[in-house]
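Colleague: Starting off with a structure, shown below.
The values are calculated or read from the model by the stated rules, or taken from the named source; none is laboratory data. Please read these numbers as outputs of a predicted model, since none were measured by experiment. Neighbour counts run over all protein chains shown; Cβ positions are idealised from the backbone, glycine included.
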Amino acid sequence: MNDLLHRYRSIRNFNLILLIGLFLFANLAVMIIVYSYVSLIMIFKTLMSTFKKRIKVSMIIFYGFILAIQVVYASVAVFPLHNVNLMYYPAKMFAVILLSLPFFVERFVTNSDHQEFRLPTAGEAATISFEELRDNSSEIKSMMQVMARVKENVSVDNIKTVLEDIPRHSAIRYINHGSLTEDYFKKAEASLVDEHLYLVVSNTGSPASEIISTFTQKQYNHISLSFDRDLDTIISYNGGNNVYPPGMNAEVVEYFHQKEDASVLVYSLPVTVKQKQFILDEIIEINQEGSAYNMVGLVAKHSYKPNIMFCSQFVYKMLEMADLTFFDKKPGEVRPTDFIELDYYKKLKFEYEIRF
């Protein structure tokens, strides 16, 4: 017992010395090497575990995302401050603390799955035969493809763009007031005679959409409502496209064209004029009260105020209030593709696709 306690204290002291050393002496290159080494160890442990394939792939993707966040944070928010700003030291301390993030993920998953993770011995690792590697080649190939997509989607430019946009957002107060114009409401009123609402599911290619797709593993990661088939009245919750504050904003088709293979799918949902008017009245009320984009809710699944939402949360809530939902889910848990994939009763009718 004393030997185990002694070993535990020795390991703890070594880790403490290592973290202090990184804080005092590590430069950007050293931090990236350490981040990468920890990620590789965690990925190796995951591959050698007895978890199901789905859990393994999810964990490896998450480790890759954490590595990208760590590297970008150190590159953009820490070392450029060296010898320039006193915030360098607390920023670097946080960069060192970020090293522990993969271990928290490991602990959470193993506790949830009632399994124990341990690093395999050299003898156990050596027992992996060429035959086993061949049998698992398709799994490895699929995993490599996933990692390639993660690398592309969670790029430095995408993360930097999203991080730079965060100060424009608010998770606790309404910041978008009256962004919808009288012209928008005139067009929406004129479209009430069309007894359909239109759901516009888009693959925009925006930095936020590309990062979100890493977690959802879905091609389409944005959804909007339109009162007319020609999409002159598209509306959703978004970042405001650097024109309006994040929140409920009108959209135009050109907004969705942010990468070469961007595309839009348009579906119609039969409604009554009364239901359509009800949704329009709700939108008028939100426009007057104010709104904000629920960026925190993408992870926390919670809204601090009623009018703080993300796109699929907004669309589902409007349909729910008008008694038009065709699947059952909490608004904060709905993803854009759920409207298509969970349409078991074929309430939606495919109208057309736009390719840019």
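Colleague: Which number in (1) closer than 15 Å to I223 by Cβ; (2) within 24 Å of the chain's Cα centre (by Cα); (3) in contact (Cβ under 8 Å) with a residue 24 or more places away in the chain marks the one condition that L324 misses?
Modeller: All conditions are met except number (2).
Colleague: Is there a residue being in a strand (DSSP E or B) and either modelled with pLDDT under 90 or buried (at least 18 other Cβ atoms within 10 Å of the Cβ) (or both) anywhere in the range 208-218?
Modeller: Looking only at the range 208-218, we keep the residues that are in a strand (DSSP E or B), and these are none.
Checking the range 208-218: not a single residue is in a strand (DSSP E or B) and either modelled with pLDDT under 90 or buried (at least 18 other Cβ atoms within 10 Å of the Cβ) (or both).
Colleague: Are any residues in the range 57-86 farther than 20 Å from N27 by Cα and touching a residue at least 24 places away in the same chain (Cβ under 8 Å), and if so, which ones?
Modeller: Step one: list which residues in the range 57-86 are farther than 20 Å from N27 by Cα, which gives 57-65.
Those that are farther than 20 Å from N27 by Cα and touching a residue at least 24 places away in the same chain (Cβ under 8 Å): V57, M59, I60, I61, F62, Y63, G64, F65.
Colleague: Search the range 242-281 for residues being over 29 Å from the mean Cα position of the chain (by Cα) and part of a helix (DSSP H, G or I), and hand back the single one that is surrounded by the fewest Cβ atoms within 10 Å (Cβ to Cβ). Walk me through how you get there before you give the answer.
Modeller: Keep residues of the range 242-281 that are over 29 Å from the mean Cα position of the chain (by Cα), which gives 270-278, 281.
Remaining after also requiring part of a helix (DSSP H, G or I): 273-278, 281.
On the way: V273: 11, K274: 9, Q275: 19, K276: 21, Q277: 15, F278: 17, D281: 11.
Selected residue: K274.
Colleague: Would you pick out the residues in the range 45-76 that are more than 25 Å from F108 (Cβ to Cβ) and not polar (S, T, N, Q)?
Modeller: Quick first cut of the range 45-76, residues more than 25 Å from F108 (Cβ to Cβ) only: 75-76.
V76 - this is the single residue of the range 45-76 that is more than 25 Å from F108 (Cβ to Cβ) and not polar (S, T, N, Q).
Colleague: Inside the range 299-321, can you point out the residues that are surrounded by fewer than 18 Cβ atoms within 10 Å (Cβ to Cβ) and touching a residue at least 40 places away in the same chain (Cβ under 8 Å)? Don't jump to the end; show me each part of the working.
Modeller: Going through the range 299-321, the residues surrounded by fewer than 18 Cβ atoms within 10 Å (Cβ to Cβ) turn out to be 299-302, 304-306, 320-321.
Of everything in the range 299-321, those that are surrounded by fewer than 18 Cβ atoms within 10 Å (Cβ to Cβ) and touching a residue at least 40 places away in the same chain (Cβ under 8 Å) turn out to be Y304, K305, M321.
Colleague: What's the total number of residues in the range 282-305 that are modelled with pLDDT under 95 and in a loop (DSSP other than H, G, I, E, B)?
Modeller: Qualifying residue count, the range 282-305: 8.
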